[in-house]
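*Asks:* This is the structure, below, for whatever I ask next.
The values are calculated or read from the model by the stated rules, or taken from the named source; none is laboratory data. All of these numbers come straight from a predicted model, not from anything done at the bench. Cβ atoms come from the backbone with ideal geometry, glycine included; neighbour counts cover every protein chain shown. Accessible surface is based on the protein model in full, side chains and every heavy atom, while ligands, DNA and RNA are left aside. Shrake-Rupley method; radii C 1.70, N 1.55, O 1.52, S 1.80 Å.
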Number of protein chains: 2
Amino acid sequence: MKSLQGFLKLISEETRLRVMMLLNEEALCVCELEAILDVPQPRVSKILSKYRDLGLVIDERKGKFIYYKLDLKDPLHQTIVSSIKEKRDTIEQLSIDYQRMLKKEEILNACQGSPTNVDGPSD
Amino acid sequence: MKSLQGFLKLISEETRLRVMMLLNEEALCVCELEAILDVPQPRVSKILSKYRDLGLVIDERKGKFIYYKLDLKDPLHQTIVSSIKEKRDTIEQLSIDYQRMLKKEEILNACQGSPTNVDGPSD
DNA sequence: CTTTCACATTCCATTATATGCATATGTTAA
DNA sequence: TTAACATATGCATATAATGGAATGTGAAAG
């Protein structure tokens, strides 16, 4: 119950849900999330720390950047995320975020290194 | 988004989720919920009022009692509830609640009329 | 070693949420 | 009309969530 409740509480807040849906697609670093979602960096970090507390993400450093990706071990969590993803087209904000993620190179003024623009971060 | 967010926020609180899972099984009145969940009546009423605000329940008076049942119009909401129900056995509190609901006649000291004990409320 | 930069964290004010208790409402039944 | 009971709501307060600004940390690159 605690696991489910913590999970639901996490995604009950809009920005946190948006983060989950993006990290469910691919690994992203803080500055990419900051740019895609257009929210301040400390807020992104705080959100990710909640994910970390619940053990829902894996982080991996690549050069200057730390990439986060979803790591849902609970099948129920996976099912819920999948069912939301299936309806993504019908949820405007999630669609927008997804489109922005696909074109993130164009909006990555946030990170100086523009990690996705270079042919691979120095790792 | 608002619909999904409101829904997730609603079930992000334990007692409210417990109510949802019960009302997903059958129509129940306030005093039955009070007895099954073992929470004070005003709290049950307040929870149901949130459901009403979001248009997620239908209420029907039968004699002295008002029976509530889930009325999920959004397929995504339905999918989420179904997926939780599928895992109910693995979530202790939800299992307990369900068992208590099946045997609610034995614990219905809360409602004087014991609605489920009589052969049908006077409606 | 020092600077830079990505990221994390703390502090603080604001706002929201939870919940117990008392009480109001409204229906039923006498 | 009144009494009884199911349900709803108001109020007060405890508690916590939210978010912005400033600052801390630590890896990387020079």
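*Asks:* Taking the axis about which chain A rotates onto chain B, which residue of A lies nearest it as judged by Cβ position, and how many whole Å separate them?
*Replies:* Here the nearest residue and distance are A:Ser12, 2.
*Asks:* Which ³J(HN,Hα) values, rounded to whole Hz and listed in residue order, are derived for the stretch A:10-22 from phi using the Karplus coefficients 6.51, -1.76 and 1.60 in 6.51 cos²θ - 1.76 cosθ + 1.60 with θ = phi - 60°, glycine and proline given as x?
*Replies:* 4, 8, 7, 9, 4, 4, 5, 5, 4, 4, 4, 5, 6
*Asks:* Let me ask another. Run the reach check for B:Lys87 against aspartates and glutamates, Cα to Cα strictly under 17 Å, same-chain hits fewer than 8 apart removed. What comes back?
*Replies:* By straight Cα distance, B:Lys87 reaches A:Asp74, B:Glu14, B:Glu25, B:Asp97.
*Asks:* Still on this structure, I have one more. For the stretch B:45-91 and the stretch A:11-38, what is the separation of their Cα centres, given in Å?
*Replies:* Going from one Cα centre to the other spans 30 Å.
*Asks:* At 1.4 Å probe size, with no ligands or nucleic acids counted, give the accessible surface of A:Lys103 in Å², nearest ten.
*Replies:* Counting only protein heavy atoms, the figure is 110 Å².
*Asks:* Further question on the same structure: At 1.4 Å probe size, put B:Thr79, A:Thr15 in order of accessible surface, largest to smallest.
*Replies:* Listed by decreasing accessible area, they come as B:Thr79, A:Thr15.
*Asks:* Tell me, what is the FRET efficiency for B:Lys103 and A:Met1 to the nearest 0.05, using R0 = 25 angstrom and their Cβ-Cβ distance as r?
*Replies:* 0.75
*Asks:* Right, next: Using the heavy atoms of the protein chains and a 1.4 angstrom probe, tell me the accessible area per residue for the protein assembly as shown in square angstrom.
*Replies:* 52
*Asks:* Could I ask something else about it? In nm, give the distance between the simple-model label positions of B:Asp71 and A:Glu25, each being 7 Å from the Cα along the Cα-to-Cβ direction.
*Replies:* Once both label points are built, they end up 3.6 nm from each other.
*Asks:* Output, in nm with one decimal and in ascending order, the distances from the A:Gly6 label point to the matching label points of the other copies (7 Å from Cα along Cα-to-Cβ).
*Replies:* Distances between equivalent label points, in nm: 3.0.
*Asks:* Report the label-to-label distance for A:Thr90 and B:Gln78 in nanometres (one decimal), using points 7 Å from each Cα along the Cα→Cβ vector.
*Replies:* Going by the 7 Å Cα→Cβ label model, 0.9 nm.
*Asks:* Let me ask something else. Which of the lysines could a cross-linker bridge to B:Lys50, judged by Cα under 19 Å and excluding same-chain residues fewer than eight apart?
*Replies:* Cross-link targets: A:Lys9, B:Lys2, B:Lys9, B:Lys69, B:Lys73.
*Asks:* Relative to the longest principal axis of the C-alpha atoms of chain B, give the angle of the C-alpha long axis of helix B:75-86, reported between 0 and 90° and rounded to the nearest 10°.
*Replies:* Orientation of helix B:75-86: about 70 degrees from the principal axis.
*Asks:* Then there's this: Could you tell me what fraction of 2.2 N^0.38 Å the Cα radius of gyration of the protein assembly as shown comes to, as a two-decimal ratio?
*Replies:* 1.23
*Asks:* Can I ask one more? Which residues of the stretch A:1-18 end up with at least 50 Å² less accessible area in the presence of all protein chains than when their chain stands alone, using a 1.4 Å probe?
*Replies:* SASA drop of 50 Å² or more in the stretch A:1-18: A:Met1, A:Gln5, A:Leu8, A:Ser12.
*Asks:* How large a share of the accessible area of the protein assembly as shown, in percent, is made up of carbon and sulfur atoms when the probe is 1.4 Å and the other protein chains stay in place?
*Replies:* 45
*Asks:* Over the alpha carbons of the stretch B:2-107, what is the largest minus smallest coordinate on each principal axis, giving the biggest first in Å?
*Replies:* 37, 31, 20
*Asks:* Calculate for chain B the 222 nm mean residue ellipticity that helices alone would give, adding -39,500 (n - 2.57) per DSSP H run of length 4 or more and normalising by residue count, nearest 500 deg cm²/dmol.
*Replies:* My calculation for chain B gives -16000 deg cm²/dmol from helical runs alone.
*Asks:* Before we go on, tell me the buried accessible area for the B/A pair, both chains summed, 1.4 Å probe, in Å² to the nearest 100.
*Replies:* 1800
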